[in-house]
Amino acid sequence: MLDRITSMRVFMRTAAAGSLSGAARQLGMSAAMATKHVDATEARLGVKLFHRTTRRLSLTEAGSRYLEACQRILGDFDEAEAEIASQRAEAVGLLRMNLPLEFGVRFVAPLLPHFSHRHPAVRVELGLSDHQLDLLDGGWDMGIRIGRLADSPLQARRLCESPMLLCASPTYLAQHGTPRRVADLAQHNCLGYTLSASGGASEWGFGLDGRVRVRIEGNLVANNGAALVAAAVGGQGLIYQPQFVVARALRAGELVALELDHPPLELGGVHAIYPRDRHPPAKVRAMIDFLADAFSGTPPWALS
C-alpha cells in the first residue's frame, strides 16, 4: 500500500508542475511511481483529480478542493514536525543580543554566568546601546526593548513590568519644595531623557495612557538614565524614569518617589523581541525562556 503522505505530496507537485514527469523529477522518483501514487489516490477517493491531455494535466473541480485540503493538512504536518524538531535541537552558536545600556549592565550581564552554565555551547555577544537599533539591519538575533512597542516585523514576548517613577533627592525637595500636581512641574528643574517621547526633554506624559501632557524645562538633558540619576542624586532636579533605573537610589534614600494628582504612565513593560519566525533558533528560545524565568514574579529592581 502506498504511503498517503507521499501520495499527497506527489499530487501537489503534479498540480503545480502540470505533469507527472515534472513532479517525479522534483521528488526524485520515476514517472511510473508518480503515476501510481496519483492513480491510487483517485481510486481510493473514487473521483478524477486531473483532466488529462497529451501535453498537460489540469485540476478537476474535485482536484481543486483536494489540493486545498492537502495544502492545509501537509502544512499542519510539516509545522508539527518542525516544532518537535526545534524543541529537540540543542542551543548552540553565537547569540547576538541588543539591549539598553543600563538595563543590560545592571540586570542582564550578571545573569549570563548562570545562562552559560545551562547552555555552554552558546556564545553571547551583547550590543549595549540606548538607541533602538534595527535588529534585522544589524544582524541581531534578539533584543530587549522597554516601553510600548511600535508595529514591526518582529515577534515580542513580554518579560515583566517596570513602571515609571517621578523622583528627586531630599536635598532638592528641601530647597525647592515638593510638587503635588502635574501642573507644578512647570516650576521645577526637570532633567529630560532625550530618547523618550513620554519622559523626554521637553514634555512628560502622565495618566495610565500618558495623555496628560506637561511641558517641562531644565538645565540638563541626557541620552542615558544613569547620568540623569547621578545628577538628580546630587540635587540638580527632578527625573522621570523607569523603576529599574532609579531603584538603587531609592533604596539608598538618595532619591524619593513623588506622587502627583495623576499617576505615572504605564510604560508598557520589558519585552524580548526577535525576527518573526514560527520556529526561532534554539539559542534564541533558550535566552528568552531564561530571562522570562529570571524576571518572573518580583523582578530584581522591584521596591517591594
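The values are calculated or read from the model by the stated rules, or taken from the named source; none is laboratory data. Bear in mind that the values here come from a model prediction, so they are computed numbers and not experimental data. Here Cβ is always computed from backbone atoms with ideal geometry, including for glycine, and neighbour counts include all displayed protein chains.
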*Which one of Ala43, Ala34, Ala23 is within 40 Å of the chain's Cα centre (by Cα), of a type in the set (Gly, Ala, Ser) and under 20 Å from Ala69 (Cα atoms)?*
Ala23
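Is it the case, given these coordinates, that Gly235 is closer than 19 Å to Ala109 by Cα and not assigned by TED's automatic domain parsing to the domain that holds Asp130?
For Gly235, the condition - closer than 19 Å to Ala109 by Cα and not assigned by TED's automatic domain parsing to the domain that holds Asp130 - is not met.
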*If Arg72 satisfies every condition in (1) among the basic types (Lys, Arg); (2) surrounded by 13 or more Cβ atoms within 10 Å (Cβ to Cβ); (3) assigned to a helix (DSSP H, G or I); (4) over 22 Å from the mean Cα position of the chain (by Cα) but one, which is the exception?*
(2)
*Go through the residues of segment 244-262 one by one and say whether even a single one is closer than 17 Å to Leu99 by Cβ and surrounded by 14 or more Cβ atoms within 10 Å (Cβ to Cβ).*
yes
*When only residues in segment 20-49 that are of a type in the set (Val, Ile, Thr) and under 20 Å from Glu61 (Cβ atoms) count, which is surrounded by the fewest Cβ atoms within 10 Å (Cβ to Cβ)?*
Val47
*If you take the residues in segment 271-299 that are over 21 Å from His119 (Cβ atoms) and touching a residue at least 12 places away in the same chain (Cβ under 8 Å), which one is surrounded by the most Cβ atoms within 10 Å (Cβ to Cβ)?*
His271
*asked:* Need the failing condition index for Ala17 against (1) exposed (fewer than 12 other Cβ atoms within 10 Å of the Cβ); (2) in contact with a helix residue (DSSP H, G or I) (Cβ under 6 Å, 6 or more places away or on another chain); (3) not polar (S, T, N, Q), just the number.
replied: (1)
*Number of the condition not met by Asn223 [criteria: (1) in the same structural domain as Tyr274 (by TED's automatic domain parsing); (2) at negative phi]*: (1)
